[in-house]
Structures are given as structure tokens and as C-alpha cells.
Amino acid sequence: YAYTLESYAKALVTDTTYISEDSNTVNVTTEAEAVIDLDTPDIDDISVLSGNTSVSIEWTSISNATGYYLYRSTNTSDNFEIVQTINGATTTTDTQLIQGTKYYYRVQAYAVGSAGTVFTSEWSSKFVVTMPETIEAPTIYVIACGPSSISITWNEISNAEDYLVYRSYTKYSGF
């Protein structure tokens, strides 16, 4: 591109227009920024962490990616919001989640070009995790005890799907 400039003024009384000589010319050459093509990351694993209010998320590393956007939604539509921008790493922890809620996740790679343009990959496939609810521990009661057998029962827990019974030969350990 080349640029030049003229100045002008209009006399109010005579309605005469005065135009200056052309200014110097400035030539500008712009280089087109190379497009950065990025593969689509895949979510490899989502693990619920202790306390049932956070998850650890891992995804595949993408060549030429500067970082990744982590998206989350609580419904199956494409109403995802960026919840984290992760620079370089391929794992993160999403916290302050609500027990019993289903969350959908997607990851998108991004790269910053030499002129500052941000290029993005396609979104990963949706990955869903339901945060388990914390349930209370049952209380065990002995109802019969004999030399070679014992009968036990426990209080019912409202949101328990099943119960696991463990036996140990020592008190408080070895289950």
C-alpha cells in the first residue's frame, strides 16, 4: 500500500478552495499472517476427586497449540461457556461443582499467531460426568450372635443403591 496526503481550506467569503501540494509518499508492505491449523483435542479422562465437588480432566496434546479452552455446560445443548483458559498443560481441575449435577465438557485448542491473531481448533466431542452425591454411612446392629455365625442389620440410607458388607478378623482394620 502507498499513502499520500493533501491539505485544503475553503475561503468562506470568496468560496475559493485552496489545495496544498501532495505530501511525501509512504509505502507500507504488510505480510499475511500464516494460518495455524490445529487438530481437535480428545478428552482422555475425567475423574471425580474426593469430596465430589471437583473433577480432574485430561486431554490429548495438540501440536502447535499455545493452550486450551475448557468449556462446561449443565445441559446437552451447545450452550457451553469457557470456564478455564489453560496455557500449555493438558490437564486441569474444575472445582466448586454441585453434587448430583450432570456436567458436559469440551476442550478446544488455540494458538496465537505472529500478529496476535487467535486460531482455534474444532471442539472436542462432549464428555459427560455426573457428580455423585455424598451419602451418609449406615449404622450396623448385631441381631444374633452364635459360635459360628452372626446376623447383622443396618439402617436404610435413602439414596443408597446397594450396600457392601466387609469382614475383618481385627477390630477397626483389615477390612
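The values are calculated or read from the model by the stated rules, or taken from the named source; none is laboratory data. In this text the structure is predicted, and so the values were computed from the model without any measurement. Ideal geometry is used to build each Cβ from the backbone, glycine not excepted, and the neighbour counts take in all protein chains shown. Ligands, DNA and RNA are excluded from the accessible area calculation, which covers all protein heavy atoms including side chains. Shrake-Rupley method; radii C 1.70, N 1.55, O 1.52, S 1.80 Å.
A few comments on the model shown:
- Cα shape, region 74-122, gyration tensor, a/c 1.5 rule: prolate
- In order through region 113-126: 3J(HN,Hα) via Karplus (6.51 cos²θ - 1.76 cosθ + 1.60), integer Hz, x for Gly, Pro: x, 5, 9, x, 5, 9, 9, 10, 8, 5, 5, 5, 5, 5
- Proximal charge balance of SER158 [Cβ under 12 Å; K/R count +1, D/E count -1]: -4
- For region 113-152, taking Cα atoms only, Rg and Dmax work out to 28.3, 82 Å respectively.
- Derived scalar couplings between HN and Hα for region 56-64 equal 9, 10, 10, 9, 6, 7, 10, 4, 6 Hz in order, rounded to whole Hz, by the Karplus curve 6.51 cos²θ - 1.76 cosθ + 1.60 (θ = phi - 60°), x for Gly and Pro.
- Proximal charge balance of THR76 [Cβ under 13 Å; K/R count +1, D/E count -1]: +3
- Solvent-accessible surface of region 24-175, taken per residue with a 1.4 Å probe and all protein chains present: 68 Å².
- Ranked by the mean number of other Cβ atoms within 10 Å per residue, highest first, peptides 42-49, 105-112 order as 105-112, 42-49.
- Applying 0.36 nm per residue to the separation of SER77 and SER149 and subtracting their alpha-carbon distance, the gain on full extension is 20.4 nm.
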